Ligand code: PPS
């Protein structure tokens, strides 16, 4: 019954286009279709993720790497303006008139991205996170949406997530799609977990990939300003600027726990096994390694 109510509410809250679910009212099939024809510059950098995989965190990191004015605090620009979404352009930013190097964010699957990227123009940073923590983060996040007017219980959400009937579609299809098509793009793969365990190394990898050299002092500033604690308190980084008619900020924070292994606090053994089984079926042949617990090394 609870699941039926959630499914009904989701049918109003999100729409399906070309195999993927998007949030209604904040984007449209026309916007998504136009992305494919976006003109790409060699210096463009796209941050791509499945939802709840560390997008806002990486937006902050990219913004700090690229903008000295962000590092030294002389500019007052929020993350979403610095690294705007191409699939959710809620501020109607004119992407074509932005100066190079342009930074963009997206939750799109590989096949809906701008066509030119497939000719290795521009760069893509793909960040993925273990699907158990993603599901839990997603569950808490979805409850913040004003327009999703129904009680959301974990079990119903988990079932719908496993079927891929959520924003961004199936985690398995998204990550598998990007991973198996990585040769078509100029791409750097990162995991949320490696960022969490050793942010300095991840930041250095990003700097190398985007060809920017920062001195030790600048790297230290990036690390400090991209820390969970700092971002949670920073109104330019914590997404508290999302309009109240989209997110009800009184229900919770965009930056919630920021850790690895929170799934253990809510997932039943049966749910965890169901996900393990699906992981084995859909991802088992890929050499990607995830870390499922803060104390563990990465494993497939
Ligand atoms: S969204 O809505 O898809 O853009 O969400 P996304 O930004 O991809 O993911 C949100 C989760 O990322 C966590 N987060 C961080 N973790 C560690 N350090 C930093 N600095 C950081 N910033 C954001 C955020 O807390 C969400 O995870 P959960 O597990 O819900 O806390």
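The table below gives the values:
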item: Condition check for residue 257: modelled with pLDDT of 95 or more and out of contact with any helix residue (DSSP H, G or I) (no Cβ under 6 Å at 6 or more places or on another chain); result: yes
item: Count - residues of the range 206-253 that are surrounded by fewer than 18 Cβ atoms within 10 Å (Cβ to Cβ) and closer than 22 Å to residue 151 by Cβ; result: 9
item: Only one of 74, 55, 27 that is within 11 Å of the ligand (Cβ to nearest atom) and either more than 12 Å from the chain's Cα centre (by Cα) or buried (at least 16 other Cβ atoms within 10 Å of the Cβ) (or both); result: 55
item: Pairs, first closer than 11 Å to residue 196 by Cβ in the range 256-271, second assigned to a helix (DSSP H, G or I) and within 9 Å of the ligand (Cβ to nearest atom), C-beta under 6 Å, six or more apart; result: 258/228; 260/196
item: Meets criteria (over 19 Å from the mean Cα position of the chain (by Cα) and part of a loop (DSSP other than H, G, I, E, B)) for residue 11; result: no
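The values are calculated or read from the model by the stated rules, or taken from the named source; none is laboratory data. Quick caveat: nothing in here was measured; it's all calculated off a predicted structure. Cβ atoms come from the backbone with ideal geometry, glycine included; neighbour counts cover every protein chain shown.
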